[in-house]
1. To the nearest 0.05, how large is the calculated FRET efficiency for Ser126 and Glu2 if R₀ is 35 Å and r is the Cβ-Cβ distance?
2. Compare the Cα positions of Ser28, Leu116, Ala45 along the charge dipole of the chain (+1 at Cβ of Lys, Arg; -1 at Cβ of Asp, Glu; about the Cα centre) and return the one farthest towards the positive end.
3. What is the chain's relative contact order, in percent, from Cα pairs under 8 angstrom and six or more apart in sequence?
4. Looking at the chain as a GNM with Cα springs under 10 Å, which of Asp24, Asp104, Asp64 has the largest mean-square fluctuation?
5. Determine one quarter of the surface area of the Cα convex hull of segment 74-134, which equals its mean projected area, and express it in nm² to one decimal.
6. To the nearest Å, what is the center-to-center distance of segment 68-135 and segment 13-63, using C-alpha atoms only?
7. Can you run the Rg to Rh ratio on segment 3-53? Use alpha carbon positions and the Kirkwood inverse-distance Rh.
8. Can you report the principal axis dimensions of the chain using only the alpha carbons, biggest first, rounded to whole angstrom?
Amino acid sequence: MELGEVLRDRRKAAGRTIASVAVDAGLSVPYIANLENGRGNPTLAALERLAAALGAQLEVRIGDEPPAPAPVSAGAELVAASERVEAVVAEVADGRSRAAVRRDLIATLDSLGTVLGRPPNAADLSRLLDLLQLA
């Protein structure tokens, strides 16, 4: 995921405008808009200020070994295998990025598995998508 997409997703998930984030971070609106659109070369200080304004933590890593891959969740596998997910995500995004909605859907499925005491299955995903369309 690119920096601009991460910044935009975090900002939209928080229900914030670029202007409100710019004020909190002490940066200009055009500067943040450019970063969200994949342009510009932010300094580490600017990224730290943006992270703080968005209620996030900035992590910078330089090393010889790549980070361990995140374990694949049952929710992620179900979402990836579904032909219906993209249409429902587009329908319910309502100003949020589709990537953010997809991540929330996966997290909800994984949490559902915890409540059920078993991994979620395709029927669980289908019921959740039905619920989202009805809401």
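Coordinate-derived values only; no laboratory data. Model, not experiment: these values are computed from the prediction. Every residue, glycine among them, receives a Cβ derived from its backbone with ideal geometry; neighbour counts consider all protein chains shown.
1. Working: r = 32 Å, r/R0 = 0.90.
It comes to 0.65.
2. The listed residue farthest towards the positive side: Ser28.
3. On the way: 98 pairs, mean separation 31.0, N = 135.
Relative contact order for the chain comes out at 23 percent.
4. Asp64
5. Working: hull surface 14.8 nm².
Average of the hull's projected areas for segment 74-134 equals 3.7 nm².
6. 28 Å
7. Numbers: Rg = 9.5 Å, Rh = 10.5 Å.
The Rg/Rh ratio comes out at 0.90.
8. Principal-axis extents of the Cα atoms in the chain, largest first: 47, 40, 24 Å.
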